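Enquirer: Below are the C-alpha cells for one structure; questions will follow.
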2 protein chains.
Amino acid sequence: MSRVEELSLLAENVGETVLIRGRVHRVRVKGKAGFIVLRKGMETLQACIFAKDPDDSISKEVLQQLKGLTLETVIELIGVVNKTPRPVLTCSVKDVEIAIREVKVLSPATPQLPLLVEDASRSDKEIERLIEQAKKKGKDEATVVVVTKPTRLDNRVIDLRTPANQAIFRIQSGVCRFFREYLIGEGFTEIHSPKIIGGASEGGCDVFKLDYFGSEACLAQSPQLYKQAAICADMKRVFEIGPVFRAEHSHTHRHLCEFTGLDFEMEIEEDYHEILTLYHNLFLHIFKGLNTVFAKELKAVDEQYPFEPFVFTEKPVIISFPEGVKMLREAGYEQADEEDLAAEQEKALGRLVKEKFGTDFYMLDKFPMAVRPFYTMPDPENPKYSNSYDIFMRGQEITSGAQRIHVQKLLAECALKKGVTPESLGAYFDNFAYGCPPHGGAGIGLERVVMLFLDLPNCQMTSFFCRTPTRLAP
Amino acid sequence: MSRVEELSLLAENVGETVLIRGRVHRVRVKGKAGFIVLRKGMETLQACIFAKDPDDSISKEVLQQLKGLTLETVIELIGVVNKTPRPVLTCSVKDVEIAIREVKVLSPATPQLPLLVEDASRSDKEIERLIEQAKKKGKDEATVVVVTKPTRLDNRVIDLRTPANQAIFRIQSGVCRFFREYLIGEGFTEIHSPKIIGGASEGGCDVFKLDYFGSEACLAQSPQLYKQAAICADMKRVFEIGPVFRAEHSHTHRHLCEFTGLDFEMEIEEDYHEILTLYHNLFLHIFKGLNTVFAKELKAVDEQYPFEPFVFTEKPVIISFPEGVKMLREAGYEQADEEDLAAEQEKALGRLVKEKFGTDFYMLDKFPMAVRPFYTMPDPENPKYSNSYDIFMRGQEITSGAQRIHVQKLLAECALKKGVTPESLGAYFDNFAYGCPPHGGAGIGLERVVMLFLDLPNCQMTSFFCRTPTRLAP
C-alpha cells in the first residue's frame, strides 16, 4: 500500500489501495452513503463509502465514524483509487476518487472552528455570486460568510491552510531561494549580523528599545552598518536575509513593524552601475524562477486573488531622477526637482514607465542628494544628485540603495553638511579609518516583493505572522 | 589590462600587465627599492619597484608614494606579473610577484591602527617561536605582539581580515548554503517567523523584554511555536535560519546572547526516527560540502588554529539514553538514569563513542521525560522516556530535538504533569484544537556547528559580531 503525497498525480494509481493523510474539508453521511472531501495542501479530493447490504458491518462502522468527524480533523484514509464517472466539480482532483476502506483519526479538531477554510478560500467574485444566489432565493445576504481580515489574522494557523495562502508562502520561500542561489553563484558570502545593537542604526526615532543586562539597546532597523562592516572587513560581496524592525506608527498596506530584509552589499570595481546590473539580473532570476518552478502556486493565488502577470524586460530599464521628473510633468503631475516622490507620483511614474517600456520592474537612478542620507555617495559630476537609486515593482518602491561613501574624510564632510557630527556615528564612522573599498548595495523587503509580484493589496497577506502597531499576536 | 581577483591563479598571467585591488599588508622603501606586500582576502603577494637611474622619474615618484602608504590602506596596483627567482617565503603567492607601474590609493587607513592583521594572524606555535627568538636575542618577550580577544572583538572589522577569519565566515556561509540546499531538495519550505512576540516562547526567564507600542513584548528564544504553527497550517516541512535571543547570564565558550538558529520541523509519517535519518543525511551533506567546496578555507583555518579533521560515518550512529548511561558507568563516570548529562559526561560520552564507532557526530536518543519540556512526546512503550534526542559534534551538544505532542488532550495532560496549565500556553495550546499532524524537528546553533567542525575554542570566534552579557558593541 503506497502513501500518496501529491493528490494531483493520483490518476497514476487507479485500481490501487493507497493511504492518504489529509484534513476533513467537508463530510456528509446520508443514509447508507458517506462522503468526505479530503484536503491536502492546495488540493482537494473526494472519498466515499456505501453500505450495500445489512451485513456490511465494516462499511457501517466507517459510516458511523464519519458522522463523528469534525472539519479540519487530521485523518489517514485508506482506500482504492477509482476513476470517476463524471468530473468531481467541487474538488481540485476531478478525475479520480477514493473508495474508503478505513479512516484513522490522527488529531481531532474542535467543532467550534473560528473560520472555515472553505469560506476563507473564496474569491470576491465567488462571494458575489453566492450573494446573488442568496438574494434570488430570498435569503439575507449575511448568510454568505465573508471572513474578515482580523478573523483571518487572529486565527492565522487556519487561514494559512487556504490554497492561496499555501501558495503564497511557497512563493515567498522561492523568492529567498532564487535570491540566494543567484548571489552565491556570483561569489557572495552570507552573513548574520546582530539584531540587538547599542545605538539606533538609522537616526534615533522609530526604533524598538530594550534593556540589555542593564544597558539600553535597540533592535536593528537595517543591517546597513554590518553589511558595510563586512565590506570593510574584505568580505567583498555579502548578503543577508533576516528580520528588520521598525517601530513606525504606519498603518498603510505596505508597512510592517517587523519584516524580512533581503540585503546585499558589494565592492564596486569601476562604477556603481555594476550594482544595478547585478540587481537586474538577480531579479530576472527570481521572476523567471517563480514563473517556472511555482507555476502551480501562481495559479492557486490567481484563483482567489486574480492578478495580471508581472511583466519585465530582459534588459534593465534605468531612468534618471531628472528624466522621471520630466515624464511626470509632461503627464501633468507636479514634481519638484529635489523632492522625493510621493506615493501618487510613484504610482503614476510606474504607469508611465509601463506604457513606454512595457515593464513592471524598473530602476530610478540618481536621486537628489537632498533626499538621501549623508553616507550616500554624491554624483561626482553633479553633487546636487547622488549615486543612488530606488527600484520599483508595479509602481511601488521595493528598494532604496546607493553607493556609500568609503573615504572617511568625505564621509565627515557630507555628514556635517547634513548636521550630523562624525562623533555621533560611533563605529560606523570609525570603520572607515581602517580603509574601505568602494561599495554599495540595497535592502529589499521580502513581503513587498511577494505582494507586488502577485499584485496583492496588503503586506500583511505576505507576512507569515504579521506585526503591526496594533498586532503582536499570534 | 585585466583585473585580477584570485591571486593564487596569478601564475597564469606571467608577462601581462594587471590591475589588482588589495590592502597594504606591509610596505618598505630602502634607497632605490620599494616593496609592498599586498593582501587580498586570504592571499598575500609581493610587489616591488626599483629606480634604476637618476632619470627614472616615474619610479621615483612611486617610491615617494610608497613612503607615505599606511598599512591597511586600500590600493589599486598596476604592474607586470613576473616569475620570482626564488619562492617568496613571506607571502602566500610564492611563484610570482608584481613589478609595480602605478599605485592608486582608494581609501587611506589611519597610521594608528588598533591591531595589525599580521599580528592577529599568527598561530600559537608561531608566537612561541617568535618569543623564543626574542629571548635568544636578549629581548623582552613582550616585544612579541599577542593580540588579545578583547582587542580583536573591539576592532572586529580589522580582526575579520585575517586569513583564518576570512575562511571561518565563508565556511559559516557554506553551512547555511548546504543546510538549505539539502532541505529544499527534500521538499521543505522556508519560513520567517516573528522575532517580537507577545509572551515568552519557552518559560518566562532569560528573555529580552521590550516595549511594543505600550505593550510588553519579548524577543523570541526560539522559533519553536511558529515552526509548529507552520506544521499545523499544513506546510508539511519547514525550515528557518534566523536570529535567536537568550538573555542568559552565561559566560561559557558555547553561549551567546544572540545566535543564528538553523531550525527545521517536519511531519512524521510513521515514526519519529524519520527525523533522525533526515538529520543525519542533512549533516552528511553539510560535512561533505564543506570538505569539498571549502578545502582552501579549512586549510587557512588549520594554519592558524590547527585541528583534527572532523570524522563521521556514512550510517547514523544512534545511541539510546540508557545505553549512553551504561557506557558512561562502565567507563567509571557517575550518571543517574533520569538526569541530563553534565558537560563533563557529555564530553566523556563523546570520547567513548568516538573510540567505539569512529565518529565525531552521533545522536543520543530517548531522553528521560523528566529532563524534557512538557510538549515532548512520551515514548509510547515506556513513558519514563521520550521520543527526543540530542545531537553531538566532538562530544558537545549542537541540537535538542523531539517529536512534539500533536493531540490537544494529551498535551493538556502532559503540561499539567509538569505543573503547566494549558491556559498559560495561549496560542501554542489553542493551535492544537484545530487538528495537527504528527511532527517533530530540531534547532541547531550555527555558531556551535562551525566552532565544533573546526574545533575552535569559543563561539565568539564563529559569530560575526558577537553578543554576550558584557558585549553589545560593535
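Enquirer: Normalising by the residue count of chain A, find the relative contact order in percent from Cα pairs under 8 Å and 6+ residues apart.
Expert: It rounds to 12 percent for chain A.
Enquirer: Compute the angle between helix B:124-136 and the longest alpha-carbon principal axis of chain B, please, reported from 0 to 90 degrees and rounded to the nearest 10.
Expert: The two axes meet at around 40 degrees.
Enquirer: Next question. Can you compute the helix-only [θ] at 222 nm over chain A? Use -39500 (n - 2.57) per DSSP H run of at least 4 residues, normalise by all residues, nearest 500 deg cm²/dmol.
Expert: Estimated from H runs of four or more residues: -9500 deg cm²/dmol.
Enquirer: Which residue of chain B is nearest the rotation axis onto chain A, counting by its Cβ, and what is the distance in whole Å?
Expert: B:L210, 2
Enquirer: Going down the table (A:K227/A:K418; A:K94/B:K227; A:K227/B:K299; A:K409/B:K209; B:K195/B:K418), which pairs top 29 Å between alpha carbons?
Expert: A:K94/B:K227; A:K409/B:K209
Enquirer: Oh, and also: By how many degrees, 0 to 90 and rounded to 10, does the Cα axis of helix A:57-67 deviate from the longest principal axis of chain A?
Expert: 40
Enquirer: What lysines could a cross-link reach from B:K139, if we take a straight Cα to Cα line under 26 Å and drop same-chain neighbours fewer than 8 places away?
Expert: Here the lysines satisfying the reach criterion relative to B:K139 are B:K30, B:K125, B:K149.
Enquirer: Can you put B:S400, B:S121, B:S424, A:S463 in order of Cβ neighbours within 10 angstrom, beginning with the fewest?
Expert: B:S424, B:S400, B:S121, A:S463
Enquirer: Could you state the orientation-averaged shadow area of the convex hull built on the Cα atoms of segment B:1-135, in nm² to one decimal?
Expert: 9.4
Enquirer: Further, regarding this structure: Hey, can you grab everything whose amide H is under 5 Å from the amide H of B:D379? Only 5+ residues off in sequence or another chain; H modelled, so Pro and N-termini drop out.
Expert: Amide H neighbours of B:D379: B:Y385, B:S386, B:N387.
Enquirer: I've got another one for you. Given the C-alpha centroids of segment A:260-322 and segment A:1-45, what is the distance between them in whole angstrom?
Expert: 38
Enquirer: I want the local charge near A:G174. Using Cβ-Cβ distances under 13 Å, sum +1 for each Lys or Arg and -1 for each Asp or Glu among the other residues.
Expert: Charge balance in the 13 Å sphere: +3.
Enquirer: Let me ask something else. Per-residue mean of other chain beta-carbon atoms within 10 angstrom of the beta-carbon, peptide B:405-416?
Expert: 1
Enquirer: Between B:A33, A:F264, B:Y226, whose Cα lies farthest towards the positive end of the dipole of the protein assembly as shown when Lys and Arg beta carbons carry +1 and Asp and Glu beta carbons carry -1, centred on the Cα centre?
Expert: Value computed over the given set: B:A33.
Enquirer: With the Cα gyration tensor of the protein assembly as shown in hand, give its eigenvalues times 5 under a square root as the equivalent ellipsoid semi-axes, listed largest first in whole angstrom.
Expert: Square roots of five times the eigenvalues give 53, 37, 24 Å.
Enquirer: If you don't mind, there's one more thing I want to ask. In segment A:289-399, if the dipole is taken from +1 on Lys/Arg beta carbons and -1 on Asp/Glu beta carbons about the Cα centre, which of A:S320, A:M393, A:A295 is farthest to the positive end?
Expert: Result: A:A295, furthest along the dipole toward the positive end.
Enquirer: Given R₀ = 22 Å, what would the calculated FRET efficiency be for A:K296 paired with B:E269, taking r from the Cβ atoms and rounding to 0.05?
Expert: That pair, A:K296 with B:E269, gives E of 0.45.
Enquirer: Please report, for A:R3, the nm distances (one decimal) from its label point, 7 Å out from Cα along the beta-carbon direction, to the equivalent points in the remaining copies, shortest first.
Expert: Distances between equivalent label points, in nm: 5.1.
Enquirer: Moving to a separate point now. If the label for B:E413 sits 7 angstrom from Cα along the Cα-to-Cβ line, what are its distances to the same label in every other copy, in nm to one decimal, shortest first?
Expert: 7.6
Enquirer: Do any trypsin sites (Lys or Arg not before Pro) in segment A:29-122 lie in a DSSP loop with no more than 16 other beta carbon atoms within 10 Å, and if so, which?
Expert: For trypsin sites (Lys or Arg not before Pro) across segment A:29-122 that sit outside H, G, I, E and B with at most 16 neighbouring Cβ atoms in 10 Å, the list reads A:K32, A:K52, A:K94.
Enquirer: Just tell me how shielded B:101-111 is by partners: mean number of partner chain Cβ atoms within 10 Å of each residue's Cβ, no decimals.
Expert: Average neighbour count from other chains, rounded to a whole number: 4.
Enquirer: For B:K136, place a label point 7 Å out from Cα along the Cα→Cβ vector, do the same in each other copy, and report the separations in nm, one decimal, smallest first.
Expert: 10.1
Enquirer: What are the ³J(HN,Hα) values, in whole Hz, obtained from phi via the Karplus relation 6.51 cos²θ - 1.76 cosθ + 1.60 with θ = phi - 60°, for each residue of segment B:365-380 in sequence order, with x given for Gly and Pro?
Expert: Karplus-based 3J(HN,Hα) across segment B:365-380 equals 10, 6, 5, x, 4, 4, 10, 10, x, 4, 7, 6, 5, x, 5, x Hz.
Enquirer: Among A:F239, A:F259, B:F307, which comes first, then next, by fewest other beta-carbon atoms within 10 Å?
Expert: Lowest count first: B:F307, A:F259, A:F239.
Enquirer: How would you rank B:S173, A:S59, going from fewest to most other Cβ atoms within 10 Å of each one's own Cβ?
Expert: A:S59, B:S173
Enquirer: Can you compute the label reach from B:V371? Point 7 Å from Cα along the Cβ direction, backbone N cut-off under 14 Å, restricted to segment B:337-355.
Expert: Residues B:337-350 fall inside that zone.
Enquirer: Magnitude of the Cβ-charge dipole of the protein assembly as shown, K/R +1 and D/E -1, about the Cα centre, nearest 20 debye?
Expert: The dipole of the protein assembly as shown has a size of about 260 debye.
Enquirer: Further question: Taking every Cα atom in chain A, find the radius of gyration and the maximum pairwise distance Dmax, and write them in Å.
Expert: Computed over the Cα atoms of chain A, radius of gyration and Dmax are 27.4, 94 Å.
Enquirer: Here is a follow-up. Non-local amide H neighbours of A:E258 (under 5 Å, H modeled in plane, Pro and chain starts lacking H): which ones?
Expert: So A:E258 has HN proximity to A:R246, A:R467.
Enquirer: Counting Lys and Arg as +1 and Asp and Glu as -1, each charge on the Cβ, what is the dipole of segment A:218-314 about the Cα centre in debye, to the nearest 20?
Expert: 360
Enquirer: Defining a contact as two alpha carbons under 8 Å apart and six or more residues distant in sequence, what relative contact order in percent does segment B:117-159 show?
Expert: Relative contact order here is 43 percent.
Enquirer: May I ask you to derive the FRET efficiency for B:L106 and A:S215 from their Cβ-Cβ distance with R0 = 56 Å, giving the value to the nearest 0.05?
Expert: In this case the efficiency is close to 0.95.
Enquirer: Could I ask something else about it? To the nearest 20 debye, what charge dipole does segment B:2-107 have about its Cα centre, counting +1 at the Cβ of each Lys and Arg and -1 at the Cβ of each Asp and Glu?
Expert: With Lys and Arg at +1 and Asp and Glu at -1, about 400 debye.
Read-outs: derived from the displayed coordinates by stated rules, not from any lab. If you're wondering where the values come from, they're calculated on a predicted model, not measured in any experiment. Note that each Cβ is placed from the backbone with ideal geometry, even for glycine, and that neighbours are counted across all protein chains shown.
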